Amino acid sequence: MSTQIERFEDPGLPEHLHRKADTDPKAAKRAEQQVAILFLLSAVGTVGTIASYIWVHPQVYLYIPILGSTNVQQACIGLGLTLATLTIGLGAIQWAKKLMPDVEQVQERHEFRSSDKDRDDLTKTVENRVEETGIARRPLIKRTLGLALGLVGLSPLVLLRDLGPMPGKYLDTTDWTAGTRLMLDPANTPIRPEDLEVGAVAQVLPELPAGTERTLENIGKDAVLLIRLRPEDFNLDPERLSWTYNGIIAFSKICTHMGCAVALYEQQTHHLLCPCHQSTFDVTRAAKVIFGPAARPLPQLAITVDANGYLVAKQPFTVPIGPSFWERNSKNG
Ligand code: FES
């Protein structure tokens, strides 16, 4: 129940100061216009967002010094949404602060503690009910019930195992070692550089020792994307360039954001896209992140050919594959 301040002789509050908009009609009008302008800006932001989606071509990129190659449509949509949501919030704040009713109220508080009689009654009721169950006379039931209740909470802990292996160790190693052949997936055949044309993409898995079974878990973490570019398309430092072979470059397929499979390759722009949250990696620059929430590049696998001309790994991954999380540093991959 709320009561007007006048009801209390000494409410202990400082004198209420009225806002300018409460006493000056011109100030109120100005505040109203400010709110309206902010709401109008929000409408402009929404219209701009929709217009960008419809009319800006999704493949247009612009070089912006700090951001690098930037997708113009995504940038316009981002700016439009920011303007739309920010100004609608600011408008609402301005409206509440300057124009909505400004009345101080004092609410009387009642004591939360129950009366002594109610507390005694409750205690007696509980004691009576416990007495009626007869548990005090049946210590066997009392002890086994205690044991059952104590243990029942452990089951969910055991079931946690079904969520999969602990990420900390699991993603630190893969089956890629120096000299491991790259096997086309799903054909499971070795691959030569000439099998891939410029612009082609292939998924490969490591050749496993005879008798070793490929598990679903291993397929997930070992999957590598092979992409063939023209060697002059690369913009890599000498070390990373030496990890490629005749224009073929290899990256872990697991997104460094949250572990989805990076599956979409744009041949024109040489961009790899993760379908989950649109992280975009530039293949020509060692899978550098150019858009989206991923915090580091896709780890690159160094490759070469063996004596028979088949593509092989030069060495294991030099950084952990998969997402960066609290147990792991976000090193550049
Ligand atoms: S999992 Fe790839 S962007 Fe989120």
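The values are calculated or read from the model by the stated rules, or taken from the named source; none is laboratory data. Note that the structure is a prediction, hence the values are computed from the model and not measured. Here the Cβ positions follow ideal geometry from the backbone for every residue, glycine too, while neighbour counts run over all protein chains shown. Side chains included, ligands, DNA and RNA excluded: accessible areas come from the protein's heavy atoms. Shrake-Rupley method; radii C 1.70, N 1.55, O 1.52, S 1.80 Å.
Selection of first residues in the range 66-89 that are farther than 26 Å from Leu272 by Cα and of second residues that are among the aromatic types (Phe, Trp, Tyr) and in a helix (DSSP H, G or I), restricted to Cβ pairs under 9 Å at least 6 apart or on distinct chains, gives the following pairs, ordered by first then second residue: Thr87/Phe39; Ile88/Phe39. Within the range 277-288, the set of residues being at negative phi and buried (at least 21 other Cβ atoms within 10 Å of the Cβ) comprises Ser279, Thr280, Phe281, Val283. Would a scan of the range 51-64 turn up a residue that is surrounded by 16 or more Cβ atoms within 10 Å (Cβ to Cβ) and in contact with a strand residue (DSSP E or B) (Cβ under 8 Å, 6 or more places away or on another chain)? There is at least one residue in the range 51-64 that is surrounded by 16 or more Cβ atoms within 10 Å (Cβ to Cβ) and in contact with a strand residue (DSSP E or B) (Cβ under 8 Å, 6 or more places away or on another chain). Here Ala223 meets each of (1) closer than 25 Å to Cys276 by Cα; (2) away from the ligand (no atom under 16 Å from the Cβ) with one exception, condition (2). Being under 35 Å from the mean Cα position of the chain (by Cα) and open to solvent by 70 Å² or more (accessible area, probe 1.4 Å) is the filter here; which residues of the range 179-196 pass it? Selection gives Pro186, Asn188.
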